[in-house]
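Novice: Questions regarding the structure given below will be posed in turn.
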Amino acid sequence: MHAVREPIILRDQIEISRQELLRLVENYGMQDYKVLQQSWILDELINEYYQCTSVINMNKGTYDP
């Protein structure tokens with residue numbers, strides 16, 4: 001299990017990962033395995049971000065998935 005990251009750090013990592021995905025698509029095309037791998041990484045970061053912000057909102061009493 002990994003440590004929970006702060007939402008602002010996750011947002012930065014999401015943006016970096018998104019830019020890397022776009023770069024890979026440009027260089028290798030949509031069907032390349034490198035693109036699929038980067039897409040998985042981006043998905044995981046986005047999921048972690050939403051989990052983190054959902055917990056924060058639940059703790060504030062303003063749950064908004």
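Novice: Give me the number: length gained by fully extending Arg18 to Arg5, i.e. 0.36 nm times residue separation minus the C-alpha to C-alpha distance, one decimal in nm.
Specialist: Length difference between fully extended and current span is 2.9 nm.
Novice: Hey, rough spin-label estimate for Ser39 and Glu26, points 7 angstrom out along Cα→Cβ, what's it come to in nanometres?
Specialist: Each label point lies 7 Å from its Cα, and together they span 1.9 nm.
Where a number appears in this text, it was derived from the coordinates with a stated rule and is not lab data. These figures come from a predicted structure and were not determined experimentally. Note: ideal-geometry Cβ built from the backbone for every residue, glycine included; neighbour counts use all protein chains shown.
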